[in-house]
Amino acid sequence: MNLSKLSQIIFVGVCAGSFIWADAIVCPPSTDFNHNGKPDYVLYNGGTRQTAVWYMNNNVFAGGVFGPTLPAGWRLAGVADVNADGRADYVLFNPSTRQSAIWYLAGLTFIGGSFGPTIASGYELKGTADFNGDGMPDYVLLNPSTRRTALWYLNNNTFIGAAFGPTLPAGWGLVAP
Ligand SMILES: [Ca+2]
Ligand SMILES: [Ca+2]
């Protein structure tokens, strides 16, 4: 066994549920669809409800591909690797029913869906990010009336806990986590 090699492993980190063995942990951006380490643009056409991704190399357009079309009544609330398979997924929210859903993607190809938790009355699903650092994306909720934020911690599509976040000042909304 090469102990000198082992001793060089300084950090063990978690990115979207996958253990990373490296001497520096840099998790890929959640919107990195083509795995070049850089975020891409996610586009949405409100008229046709079609999604698309523009691959970006810094500020340069490097190609585009269509993604799945959302069902009527649903909005794209976030993009994150929800099932920790190393590929970005869509997180959908239906404001009428307050249901959430995950569309698992391989690149931009829909490969399966599951419902997530139903959002509490008065709240909207505003985005996704891993707030508690367990490698799994969480929901960011906002109550537009009280402007209170809340985090719903998830394991894939399963609710495992919640905590209130700060209340936004009057006149302000939440754009993205
Ligand atoms: Ca995934
Ligand atoms: Ca988390």
Fill in: Mean Cα-pair separation over length for the stretch 23-115, i.e. relative contact order, pairs under 8 Å, 6 or more apart, %
19 percent
Fill in: Charge context of ALA84, other residues only, Cβ under 12 angstrom, K/R +1, D/E -1
-4
Fill in: Extreme residue, positive dipole direction of the stretch 56-139, given options LEU105, THR69, LEU125 (C-beta unit charges)
THR69
Worksheet entry | the chain: relative contact order as a whole-number percent, Cα under 8 Å and 6+ apart | 14 percent
Worksheet item: Taking a spot 7 Å from the Cα of TRP54 along the direction of its beta carbon, which residues of the stretch 88-129 have an amide N less than 19 Å from it?
Response: 108
Worksheet, complete the sentence: The long-range amide H neighbours of GLU124, using H built 1.01 Å from N in the peptide plane and a cut-off of under 5 Å, are LEU142, ASN143
Fill in: Summed residue charge, Cβ within 11 Å of ILE102's Cβ, Lys/Arg positive, Asp/Glu negative
-2
Worksheet item: Under a point spin-label approximation (7 Å from Cα along Cα-to-Cβ), what is the ASN143-ALA163 distance to one decimal in nm?
Response: 1.9 nm
Discussion item. Treating only the Cβ of Lys, Arg, Asp and Glu as charged (+1, +1, -1, -1), what charge dipole size does the chain show about its Cα centre? Round to the nearest 20 debye.
Written reply: 400 debye
Item to complete: Calculate the translational D of the stretch 66-175 in whole µm² s⁻¹ from Stokes-Einstein, where the hydrodynamic radius comes from the Kirkwood formula applied to all Cα pairs, the temperature is 37 °C and the viscosity 0.692 mPa s.
Response: 232 µm²/s
Item to complete: Mind checking which of PRO166, GLY86, ASN57 is farthest towards the positive end of the chain's charge dipole, using Cβ charges of +1 (Lys, Arg) and -1 (Asp, Glu) about the Cα centre?
Response: PRO166
Worksheet, complete the sentence: Env charge @ ALA129, Cβ radius under 14 Å, K,R +1 / D,E -1, value -4
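Every number in this text was worked out from the coordinates using simple rules, so none of it is lab data. In this text, all values refer to a predicted model and were calculated from it rather than measured experimentally. Reconstructed Cβ throughout: ideal geometry from the backbone, glycine too, with neighbour counts over all protein chains shown.
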